[in-house]
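First up is the structure itself, then whatever we jot down about it.
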Amino acid sequence: MSGELPPNINIKEPRWDQSTFVGRANHFFTVTDPRNILLTNEQLENARKIVHDYRQGIIPPGLTENELWRAKYIYDSAFHPDTGEKMILIGRMSAQVPMNMTITGCMMTFYRTTPAVLFWQWINQSFNAVVNYTNRSGDAPLTVNELGAAYVSATTGAVATALGLNALTKHVSPLIGRFVPFAAVAAANCINIPLMRQRELKVGIPVTDENGNRLGESANAAKQAITQVVVSRILMAAPGMAIPPFIMNTLEKKAFLKRFPWMSAPIQVGLVGFCLVFATPLCCALFPQKSSMSVTSLEPDLQAKIQETYPELRRVYFNKGL
């Protein structure tokens with residue numbers, strides 16, 4: 001073994017203290033950095049090699065601690081924490097800002113006609129389905145049939161909800177009408193996320209002790225994980241969908257946008273993007289990714305199994321997904 005680094009830096013955990021909101025925010029500002037999607041496959045594989053080698057006690061000559069942490073965060077941004085597989089590009093959290101700013105901006109610009117609402121809600125829910133599947137918890141694979149059924153049910157339910165809410169815009173003021181896309185997205189998240197992760201609710205997600213020793217699978221842990229993700233996703237969408245309507249409602253009364261109405265969409269996309277740059281990591285940080293729950297909150301059979309093997313254990317840990 002060679003190099004300047006000590007071999008005992010714990011890169012299985014984030015660099016910052018995850019028991020505090022500030023520590024989690026620092027972690028997610030790095031993981032969700034949109035610049036990560038510009039990295040080449042060669043850079044991603046190099047980061048994976050550095051991380052895997054370091055875990056085996058192999059340290060390349062000249063590797064610094066900052067370079068090690070940079071490799072860890074490149075690895076975390078592109079590879080699933082449970083399966084280790086490279087995640088679909090648009091499903092990675094680093095793609096959230098550019099993808100969501102474009103889709104959300106268009107949803108909020110083209111919300112007045114049913115065909116436009118149908119198209120952009122379908123695009124949005126299809127994107128959400130990819131993100132929800134990519135950032136699921138656990139390592140149990142979905143079959144093609146399960147994935148197809150989850151996608152169809154999630155997108156159909158979410159789009160139907162959006163269309164129902166859009167019908168209400170005919171009876172409200174234009175400003176309130178601008179908030180309908182947010183109400184639709186919030187409602188759709190409550191449908192899309194559980195449906196795309198329904199396997200977790202059926203068979204459970206892996207739970208471990210504090211040291212990462214696998215203890216079994218728990219559907220109760222999956223319920224807590226999915227609830228936390230739904231809350232954070234709704235709040236993540238809120239600033240980008242709640243603040244721009246007020247600004248756009250004012251701008252559209254000004255001479256500039258009356259003269260150049262085609263500027264409405266790019267301005268709205270830019271406003272949404274600005275909000276998402278901050279909302280995405282801050283809302284991901286609301287709950288620890290390595291979530292935990294009391295052993296007494298698990299299913300009775302799993303409780304019995306754990307108490308028989310680890311009688312002193314009080315809490316279990318699991319990846320809640322994103």
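Work out how much length GLU312 to THR114 would gain on full extension: take 0.36 nm times their residue separation and subtract the Cα-Cα distance, in nm to one decimal. Walk me through the intermediate numbers first.
Values: separation 198, 0.36 × 198 = 71.28 nm, distance 5.83 nm.
Length gained between GLU312 and THR114: 65.5 nm.
Subtracting the Cα-Cα distance of ILE88 and SER153 from 0.36 nm times their residue separation leaves 21.3 nm of extension gain. Using the structure shown, list the pairs from LYS12/LYS86; LYS12/LYS202; LYS86/LYS202; LYS49/LYS320 with a Cα-Cα distance above 21 Å, or answer none. Cα-Cα > 21 Å for LYS12/LYS202; LYS86/LYS202; LYS49/LYS320; rest within.
Note on the range 243-310: percent of Cα-Cα distances in each 10 Å bin, starting at 0 and stopping at the bin with the largest distance, equals 16, 25, 15, 13, 12, 11, 7, 1. Taking the range 8-27 and a reference point 7 angstrom along Cα→Cβ of GLN56, no backbone N atom is nearer than 11 Å. Modelled this way, with points 7 Å down the Cα-to-C-beta line, the labels at ALA238 and GLU299 are 3.4 nm from one another. Were the residues from ILE9 through ARG70 laid out at 0.36 nm apart, the gain over their Cα-Cα distance would be 20.6 nm.
Reducing the range 144-164 and the range 252-322 to their Cα centroids gives an inter-centroid distance of 21 Å.
All of the numbers you see were taken from the coordinates with simple rules; none came from a lab. This structure is a prediction, so every number in the text was calculated from the model and none was measured. All Cβ positions, even for glycine, are placed from backbone atoms using ideal geometry, and neighbour counts span all protein chains on display.
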